[in-house]
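Chemist: Below: one structure in structure tokens.
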Amino acid sequence: MTMAFPRFPDSPSSSGVTRRDFLSTAGAALSGLAIGSRVLSAKQIGGRSASDFVHVTPASDRLYALVATALSAAKDAGATYADVRIARQHMLFVSLHPSGGPSAEVGTSLEYSVRALVDGAFAFRYGNLLSDDSVRQTARTAVGQARGFAKLGRAKAELAPAPVVRGVWSAPYTVDPFAVPIVEQASMLGALSAAAQRVEGAGGRFSVAWRHETRVCGTSDGSLTTQTFLRADPYASVFADWVGNVFFPVPDLVSRQAGYELFLAPDLAETVVRRAEEAKRFAALPGKPLDVGRYPVILDGQSMATTAALLLGPALQMDRVLRYEAAATGTSILAPPDEILGQPLLSPKLSITADRSVRNMSGAQWDDECVVPETTPLIVQGRVVDYLTDRQTAPALARWYKAQGKPVRSNGYAMSGAVDRPITVGSGALTIAPSASSASMEDLCRDVKRGVLMLYADAVRSDQQLATGFFTDWGGQCTLCLIENGRITQRIKNTGVQFRTREFWKGLLAVGDSRTMRPVSIRSLKGLPWQNLPADANAPAGYFQSADVISLTRG
Amino acid sequence: MHADPSSSVVLSRDALLDIGHRLLSLSTADTTCIELQHTARAVTRVSHDRVLTSDSGDTLSILIRTMSGAQLPVRMQINQIDESSLQFAMRALNELTKVQFGAPVDYLRVPDGPQHYLPVSLWHDTTAAAITTSGDTSVPLLIDAFHTSNIPGAGFIGVMARSTLVMQEDGLIAFNQETDSECSVSAWSPDRRASGWSGHAARDWSTVRPGTIAAEAIELAKRGMNPVAVEPGRRTVILSRFAVAQIMRHLSPHFDAYQTNVYASTAFAVRGDTTRVNKVGRQVFDPTVNMSIDPADPLGGFIPFGDVTGDWAAMPTHAVSLVERGVLRDLTYSIYYGLEEGKPFSQNPWALRVEATAETPLLTVDDMIARCDEGIYIHRLSDVAEIDRASGMQTGVTRDGCFLIKGGKIERPVKNFRFIDSPFGMLNRIVAIGKTERTAMGYMEPANDEPAYLWQWPRRPMIVPPLMIRDFNLTALADAV
């Protein structure tokens, strides 16, 4: 290590690896890839691509017809309201076998579902063998079930109104991964792994899953939307000190809606090497537990984003707030709305918006109820001003919306992990507003006499109500460092950091500027049976007044 | 092998064989393995005096794995069975298998041909029938219970039936049908400061009593009202079966022989000793504890063969005694590591039986409370996660019933705690152990290394007793209710 103290994360450095070096190890074929706006075809690249192996059927017209058939059957059977979703998916997963060879899996699937509302009761049915008869029967059965449930319940569901929409949309991308030969993708992963290993004592793990989905949603109100998503789900991590659990993510290789251009950034190899060098620097720091006590805590952008995605986002999902999820995923510390909305409960430095911008895994033009998602301010300067809603939960905020002069309607966060899973409320993509004035990581740490710096957290434990949070460096879930007089002096090992959620966020003293922003995309589970929903967040670094540090011993 | 019951909720053996034979006839690969799984499920969720949502239907999944020569295998997943889709899938796989991926791999070959599987009884007609009736009969019981008691709550009723068939071109055919069910109820006090939970999981729906479950959850919520804060620290605790199941399911990866012997990453690994790599043969837990896995366990069981997703072939699995009188007797071996080591395949099923030895007296929870001078009764846990594989250390938060015990009696409800402790320590601090039963788990996030194909509800059976443990580490108060 050439410096007395390690640099803060993402400070400029040079790795000594040139793009030429990278290309020479990645294989001659890669040098033929053009980075630009045109979609590359398999013939141009050479070799077999996944598009040769996936069955693209039925055509969209057929999907529309099936939606219409199901809606018609539901209406004829007596549904007050119905929505139908059909999806056609292709999947490609590429990884590296321990022998060094590529491992590939392709898949294609069709799914559909019908949700029917009768006399204030919902029923949801799904299947995957598509035919006119099957969707018709599914719709009739859903209506019959809903009618039965209506007789059993003592209360009724209601839906907030939504405008009728019709449209077609596709997520933008540059390079179709299903057109890139599988061997080339494996070579790319191998080259990235080799780049990480250029740093002595370091290594990397790389794989990628691609999912292409065409999802058609139709409602009995008359809405009909067709969306095509292309989701990239890379796993990209470099490590140094495997036993000591120093795992650092590779910047820019974050799950998002994108094509193969994700892997074509010209400096990607250098980025991997730099990150491996950084991991090695941190692994080399002396490490020991920290004395138990209360300390100020600085979270880097990724750690802030992870905390937002896993704690604040779910706490603002209206179905959790209303306790619909009490027997499943849990409830919310930001409830009941009457006691929360508009109150200065959290730090004035905290402002969060939610959106479903298309680059994120959760991005969409319309939600699963054909509602256009709104960019929704959720927390403004420490005050909760809204929740994440769908058509079923929005009416619970009627009094608040009317007081604000807003219409009572869903803000477009009806989501499901797949169309054969029930619609629930998701978080979309959360953004914590950065500081408008200059505030780098170094600036945030400057006045810290003795505190904890948390880097690259990809998990935070909580509880059924999201009332507490718990981080640990064990298992590489984050890297903890001691800051003394503004400088990193050591790693902290065998330590847990725990906090009470509302107190913690009340104690947010400062946020970093846009330079410190980092995105995350995490899979979060929701419901019972549970389903995977993407939870995206982008956040600056944050300086918190305090959290409790506890010692973890392996006993 | 299990004979076909007379049920039409899921595809029969013959129907799945027909699809499989059609695919095999189209394959040109040296080896082809096909797994077909048809699952029918009915879930009803109740909250706020109504059916909140239902979630019912059926799904078919087909996973095909092919390999030619010494090349790495390729896999394809489809879920359509029309002739066009099947032909396209096999044509595509045949092409994909021929693509020369890297250097040849020296693959161990599993034994060819038909296999013999342990007879298991995982199917109940009552459960299959309940796929269409469970909501109608259970929902009124739950809604009425909440209404009558004036305690709000939410309920889950889930019923499942599944057919699984694995077949290969060499004549291997493995078939099984199973049913499973679970009912759970969460209730909370009107002031939202207390909650209760109860649940029951069984392959036979006729043994599940939703009304009783609701009553238990409501009673806990009532008794939990006005909790007080008690100092955290190391305390004697009585863990209900629900809490024990949530902790013990994280033990499964530790029994994996490859992780233990090769990566030395589990708590059963021995590090720094050139004479041994694991603790087999050593006392690892209290002598009153046995642990085992058994596909034919009468309280739960699981499919008696490995699967294409996790193990690449449907080799027979069998019962394994993992821990006897606290001594580690065996680990679980995947197909390939087992072949390397000369050990029989014993799939780590992520299902576990933990029980007292035959000579250990069993105590009920009430007995344990009566014998406790001072301690905490913990009914259930939330967000249990393993935070360190080497020690098995876990963390989580108590919920749904946490009570202070003094002088052999429940004195009062207390606020929840965060705990940090390891079952490898806890199971050496056993004070008393109760009767072992299959235990519902409700909502639960996947454990570290839990295979993705096992994430889905219902989870495989956890069969555990209540435990009284001394010096359980409650590290902090938790505000969560």
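Chemist: Among what's in segment A:472-484 and is outside any loop (DSSP other than H, G, I, E, B) and at the interface with another protein chain (Cβ under 8 Å from one of its Cβ atoms), pick the residue that is modelled with the highest pLDDT.
Modeler: So the first thing to find is which residues in segment A:472-484 are outside any loop (DSSP other than H, G, I, E, B), and the list is A:472, A:474-476, A:479-484.
Among the residues that remain, those that are also at the interface with another protein chain (Cβ under 8 Å from one of its Cβ atoms) are: A:472, A:474-475.
Values: A:472: 89, A:474: 82, A:475: 75.
Here the answer is A:472.
Chemist: Checking residue B:465 against (1) surrounded by 21 or more Cβ atoms within 10 Å (Cβ to Cβ); (2) in contact with a Pro (Cβ under 8 Å, 6 or more places away or on another chain); (3) away from every other protein chain (no Cβ under 14 Å); (4) of a type outside the set (D, E, K, R), only one condition comes out false. Which one?
Modeler: (2)
Chemist: Is it the case that residue A:319 is acidic (Asp, Glu), under 23 Å from residue A:211 (Cα atoms) and buried (at least 23 other Cβ atoms within 10 Å of the Cβ)?
Modeler: It is false that residue A:319 is acidic (Asp, Glu), under 23 Å from residue A:211 (Cα atoms) and buried (at least 23 other Cβ atoms within 10 Å of the Cβ).
Chemist: Could you say whether any residue in segment B:369-391 is among the aliphatic types (A, V, I, L, M), open to solvent by 10 Å² or more (accessible area, probe 1.4 Å) and more than 14 Å from every other protein chain (Cβ to nearest Cβ)?
Modeler: Yes, segment B:369-391 has at least one match.
Listed here are the residues, each with its yes/no results for (1) under 21 Å from residue B:436 (Cα atoms); (2) away from every other protein chain (no Cβ under 14 Å); (3) out of contact with any His (no Cβ under 6 Å at 6 or more places or on another chain).
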residue: B:182; (1), (2), (3): yes, no, yes
residue: B:185; (1), (2), (3): no, no, yes
residue: B:188; (1), (2), (3): no, no, yes
residue: B:236; (1), (2), (3): yes, yes, yes
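Chemist: Please give the number of the condition residue B:406 fails out of (1) farther than 26 Å from residue B:259 by Cα; (2) open to solvent by less than 40 Å² (accessible area, probe 1.4 Å); (3) among the basic types (Lys, Arg).
Modeler: Only one criterion in (1) farther than 26 Å from residue B:259 by Cα; (2) open to solvent by less than 40 Å² (accessible area, probe 1.4 Å); (3) among the basic types (Lys, Arg) is unmet by residue B:406, namely (2).
Chemist: Continuing with this model, one more query. How about segment A:456-471: which of its residues are within 11 Å of chain B (Cβ to nearest Cβ), under 29 Å from residue A:253 (Cα atoms) and in contact with an Asp or Glu (Cβ under 8 Å, 6 or more places away or on another chain)?
Modeler: A:461, A:462
Chemist: Okay, next question. How about segment A:188-205: which of its residues are at negative phi and either in contact with a strand residue (DSSP E or B) (Cβ under 8 Å, 6 or more places away or on another chain) or part of a strand (DSSP E or B) (or both)? Even if it seems obvious, please write down each step before you answer.
Modeler: Kept after step one, since they are at negative phi, are these residues of segment A:188-205: A:188-200, A:202-205.
The answer is A:189, A:190, A:192, A:193, A:195, A:196, A:197, A:199, A:202, A:203, A:204, A:205.
Chemist: Let me ask you something else. Could you identify the single residue in A:76, A:132, A:83 that is buried (at least 23 other Cβ atoms within 10 Å of the Cβ) and either more than 11 Å from every other protein chain (Cβ to nearest Cβ) or under 23 Å from residue A:211 (Cβ atoms) (or both)?
Modeler: Result: A:83 is the single residue among A:76, A:132, A:83 that is buried (at least 23 other Cβ atoms within 10 Å of the Cβ) and either more than 11 Å from every other protein chain (Cβ to nearest Cβ) or under 23 Å from residue A:211 (Cβ atoms) (or both).
Chemist: Follow-up question, since we're still on this one. Among B:412, B:460, which is the only one that is more than 10 Å from chain A (Cβ to nearest Cβ) and in a loop (DSSP other than H, G, I, E, B)?
Modeler: None of the other options fit; the residue is B:460.
Chemist: Sticking with this structure for a sec: Has segment A:171-186 got any residue that is of a type in the set (Gly, Ala, Ser), open to solvent by 20 Å² or more (accessible area, probe 1.4 Å) and either in a strand (DSSP E or B) or out of contact with any Asp or Glu (no Cβ under 9 Å at 6 or more places or on another chain) (or both)?
Modeler: The answer is no; no qualifying residue exists.
Chemist: Return a yes/no flag: does segment B:432-453 have any residue that is in contact (Cβ under 8 Å) with a residue 12 or more places away in the chain, of a type in the set (Phe, Trp, Tyr), in contact with a Gly (Cβ under 7 Å, 6 or more places away or on another chain) and open to solvent by less than 10 Å² (accessible area, probe 1.4 Å).
Modeler: Checking segment B:432-453: not a single residue is in contact (Cβ under 8 Å) with a residue 12 or more places away in the chain, of a type in the set (Phe, Trp, Tyr), in contact with a Gly (Cβ under 7 Å, 6 or more places away or on another chain) and open to solvent by less than 10 Å² (accessible area, probe 1.4 Å).
Chemist: Here is a check on your reading of the model: is residue A:367 within 17 Å of residue A:164 (Cβ to Cβ) and touching a Phe, Trp or Tyr at 6+ places or on another chain (Cβ under 9 Å)?
Modeler: yes
Chemist: I'd like the residue in segment A:94-117 that is more than 7 Å from every other protein chain (Cβ to nearest Cβ) and buried (at least 24 other Cβ atoms within 10 Å of the Cβ) and, out of all such residues, is nearest to residue B:65 (Cα to Cα).
Modeler: Taking the candidates together, the pick is A:94.
Chemist: Give the residue that is least open to solvent (accessible area, probe 1.4 Å), with candidates limited to residues of segment B:265-281 that are among the β-branched types (Val, Ile, Thr) and closer than 14 Å to residue B:390 by Cα.
Modeler: The qualifying residue least open to solvent (accessible area, probe 1.4 Å) is B:266.
Chemist: Just the residues that are crowded, with 20+ Cβ neighbours inside 10 Å, within 14 Å of chain B (Cβ to nearest Cβ) and touching a helix residue (DSSP H, G or I) at 6+ places or on another chain (Cβ under 9 Å), please, taken from segment A:528-555.
Modeler: A:535, A:547, A:552
Chemist: Just for segment B:205-228: of the residues that are touching a helix residue (DSSP H, G or I) at 6+ places or on another chain (Cβ under 6 Å) and within 18 Å of residue B:130 (Cα to Cα), which one is nearest to the other protein chains (Cβ to nearest Cβ)?
Modeler: B:210
Chemist: For segment B:40-88, how many residues are at pLDDT 90 or above, over 26 Å from the mean Cα position of the chain (by Cα), more than 7 Å from chain A (Cβ to nearest Cβ) and open to solvent by less than 30 Å² (accessible area, probe 1.4 Å)?
Modeler: Selection size over segment B:40-88: 1.
Chemist: Since residue A:496 meets every condition but one in (1) within 12 Å of chain B (Cβ to nearest Cβ); (2) in a helix (DSSP H, G or I), which condition does it not meet?
Modeler: (2)
Chemist: Name the residue that is farthest from residue A:284 (Cα to Cα), counting only residues in segment A:219-244 that are among the aliphatic types (A, V, I, L, M) and modelled with pLDDT of 95 or more.
Modeler: Checking each candidate, the answer is A:224.
The rows are residues; the columns are (1) at pLDDT 95 or above; (2) under 20 Å from residue B:220 (Cβ atoms); (3) not assigned by TED's automatic domain parsing to the domain that holds residue B:181.
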position	(1), (2), (3)
B:413	yes, yes, yes
B:417	yes, yes, yes
B:424	yes, no, yes
B:428	yes, no, yes
B:432	yes, no, yes
B:436	yes, no, yes
B:439	yes, yes, yes
B:444	no, yes, yes
B:449	no, no, yes
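Chemist: Go through (1) outside any helix (DSSP H, G or I); (2) surrounded by 24 or more Cβ atoms within 10 Å (Cβ to Cβ) for residue A:296 and report which single condition fails.
Modeler: (2)
Chemist: Which of the residues that make up segment B:424-453 are in contact with a helix residue (DSSP H, G or I) (Cβ under 8 Å, 6 or more places away or on another chain), over 22 Å from residue B:375 (Cα atoms) and assigned to a strand (DSSP E or B)?
Modeler: Selection gives B:437 alone.
Yes/no per residue for (1) open to solvent by less than 10 Å² (accessible area, probe 1.4 Å); (2) part of a strand (DSSP E or B); (3) of a type in the set (Ser, Thr, Tyr); (4) touching a residue at least 12 places away in the same chain (Cβ under 8 Å):
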{"residue": "A:207", "(1), (2), (3), (4)": "no, yes, yes, yes"}
{"residue": "A:212", "(1), (2), (3), (4)": "no, yes, no, yes"}
{"residue": "A:216", "(1), (2), (3), (4)": "yes, yes, no, yes"}
{"residue": "A:229", "(1), (2), (3), (4)": "yes, yes, no, yes"}
{"residue": "A:248", "(1), (2), (3), (4)": "yes, yes, no, yes"}
{"residue": "A:254", "(1), (2), (3), (4)": "no, no, no, yes"}
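The values are calculated or read from the model by the stated rules, or taken from the named source; none is laboratory data. This one's a predicted model, so the numbers in the text were calculated from it and none came from an experiment. Glycine also receives a Cβ, built like all others from the backbone with ideal geometry; neighbour counts cover every protein chain displayed. The accessibility values were calculated without ligands, DNA or RNA, using every heavy atom of the protein model including side chains. Shrake-Rupley method; radii C 1.70, N 1.55, O 1.52, S 1.80 Å.
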